[in-house]
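J.: What follows is a single structure, and I will ask about it in a moment.
The values are calculated or read from the model by the stated rules, or taken from the named source; none is laboratory data. Computed from a predicted structure; not experimentally measured. Quick reminder, even Gly has a Cβ in these numbers, built from the backbone with ideal geometry, and neighbours come from all protein chains shown.
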Amino acid sequence: MSPEVFSHEPMSYRRLPPALKALIIANVAVFIVATLVGNSFFDLFGLVPHRVLADRWVWQPLSYLFVHGSIMHLLLNLFALWMFGVPVEAQWGPRDFLKYYFICGLGAAAASIILSPHSMSPVIGASGAIYGLLVAFAMLYPDAVVYLYFLIPVKAAHVAILFGLVEFFAGATNATPGIARFAHLGGMITGYLYLRWWWVLKIKVKSLWRDSFSQGAIRPGIRRAVNPPSRGESASQDNLDSSMTEVDKILDKILVSGIDSLTEEEKAIMRRYSNKGGNA
């Protein structure tokens, strides 16, 4: 990923990108409900590793991301979410931003469950996903300056490395038993592996697909696209011009299930994408 230039505008709720705004609303709403319900809410919707494994409370690896224990816990996470989320969503769009956010949150949950499978203590908070956003921010803007404790200027790439080391050593020494350090680290590692593996592989698939059709090669089991009726050609082209998201969905499907899993309609979309030189 090449470094980009960005700047934060003053905080404005109306200017927040849609996915980030939805996450903020959800976190605040859940905090209000949790405050009204009491401790039983944390046991039910926080991440309790033993409950997930023994009782199949499968919603907890996602629901815990919206549960916070105090107003300060909530505000700090929302501030970090705004700081790293605004530039990342601006680069990726809401769909890819949310996908990455929840993947990092699941990675953080997996780390907690694997390392403490019998724990009955609930893990709560969006920190695991936010640490994943820190990694994405640092990879997009490695030279951006982040002010630690609002005072110390440090490059974003160095901040990510520093935080990763702090979380590892604090978790290994159990210096702060009330904080799920390895969950934070799990979110960071998940985010890094996703960006380094999945996105790079997706780019390679795009390139291979383009090359195969530009050279006239047809993969086994795929027929040439039939020209659409002339009266629908214009409408189809207009739809294609606004459907880069659809192309990304198809590429995700190829990576998971292979080319043979595509429908004829999906194959036709990818052929048109290839014929346009990869610009949908």
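J.: Can you name the residue in region 162-218 that is under 18 Å from the mean Cα position of the chain (by Cα) and at pLDDT below 80 and, of all such residues, is nearest to residue 47 (Cα to Cα)?
T.: For region 162-218, the residue satisfying everything is 198.
J.: Surrounded by 14 or more Cβ atoms within 10 Å (Cβ to Cβ) and part of a strand (DSSP E or B) - does that describe any residue in region 162-183?
T.: No, every residue in region 162-183 fails to be surrounded by 14 or more Cβ atoms within 10 Å (Cβ to Cβ) and part of a strand (DSSP E or B).
J.: Within region 19-75, can you find the residues that are among the small types (Gly, Ala, Ser), within 24 Å of the chain's Cα centre (by Cα) and outside any helix (DSSP H, G or I)?
T.: If we filter region 19-75 for residues that are among the small types (Gly, Ala, Ser), which is where we start, we get 19, 22, 26, 29, 34, 38, 40, 46, 54, 63, 69-70.
Pick out the ones that are also within 24 Å of the chain's Cα centre (by Cα) and you get 19, 22, 26, 29, 46, 63, 69.
Matches in region 19-75: 46, 69.
J.: If you scan region 58-95, which residues turn out to be touching a helix residue (DSSP H, G or I) at 6+ places or on another chain (Cβ under 8 Å), surrounded by fewer than 18 Cβ atoms within 10 Å (Cβ to Cβ) and over 23 Å from residue 136 (Cα atoms)?
T.: 58, 59, 69, 71
Condition check ((1) within 23 Å of residue 31 (Cβ to Cβ); (2) part of a loop (DSSP other than H, G, I, E, B); (3) aromatic (Phe, Trp, Tyr)) across all residues:
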residue	(1), (2), (3)
81	yes, no, no
84	yes, no, yes
91	no, no, no
95	no, no, no
98	yes, no, no
101	yes, no, yes
110	no, no, no
114	no, no, no
136	no, no, no
